[in-house]
Amino acid sequence: MANEKVYDLEERTYLFAKSCRLLIKKLPSTISNIEDGKQLVRSSGSVGANYIEANEKVGDKDFKYRLKIARKEAKESRYWLRLLKGCNEKFDKELILLIQEVEELRKILSSIIIKTK
């Protein structure tokens, strides 16, 4: 992720998912990296996909529900990133940045959920 923050949440979630994919391509091809990487690809992409779905809501309940799914996927992404970090010390710096970014995304989504009544 670049040092500059993107304030368009749809773009920011896209950049997060893209950064996860680019990092996974660099990791050694171990069984755990392959399996954890697959899970990270799914969950990181799902954060943005569900945020986009939330913006195409069919009602307020649907909006909040989709945001909660996006937040859940952010939490899951953090889990997979932590597992990858534990097994790939060479990539600590990049993984720490992605963990920080997904935690910020989770907090932003939580804030939107709280403000939505």
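The values are calculated or read from the model by the stated rules, or taken from the named source; none is laboratory data. The shown structure was predicted, so the numbers you read here are calculated from the model rather than taken from an experiment. We place every Cβ from the backbone using ideal geometry, glycine too, and count neighbours over all the protein chains shown. Only protein heavy atoms, including side chains, enter the accessible area calculation; ligands, DNA and RNA are left aside. Shrake-Rupley method; radii C 1.70, N 1.55, O 1.52, S 1.80 Å.
Electrostatic tally near residue 94: other residues with Cβ closer than 10 Å to its Cβ, Lys and Arg +1, Asp and Glu -1, net +3. Please determine, in degrees from 0 to 90 and to the nearest 10, the orientation of helix 92-115 with respect to the longest principal axis defined by the Cα atoms of the chain, where the helix direction is its Cα long axis. Compared with the principal axis, the helix lies near 10 degrees. For Cα extents along the principal axes in Å, the candidate list reads [x] 44, 29, 18; [y] 33, 31, 26; [z] 36, 34, 20; the entry that matches the value derived from this model is [x]. Rounded to the nearest 20, the Cβ-based charge dipole of region 66-117 about its Cα centre (Lys and Arg +1, Asp and Glu -1) stands at 440 debye.
Of the solvent-accessible surface of region 1-74, computed with a 1.4 Å probe over protein heavy atoms with every protein chain present, carbon and sulfur atoms account for 52 percent.
Let me have the 222 nm mean residue ellipticity of the chain computed from DSSP H runs of 4+ only, each contributing -39500 (n - 2.57), with the sum over all residues rounded to the nearest 500. Theoretical 222 nm ellipticity from helices: -28500 deg cm²/dmol.
With the Cα gyration tensor of region 1-64 giving a ≥ b ≥ c as the square roots of its eigenvalues, does the rule (a/c under 1.5 for rounded; else a/b larger than b/c for prolate; else oblate) give rounded, prolate or oblate? Oblate, because a/c is 1.5 or more while a/b does not exceed b/c. Taken per residue, the accessible surface of the chain reaches 62 Å², heavy atoms only and a 1.4 Å probe.
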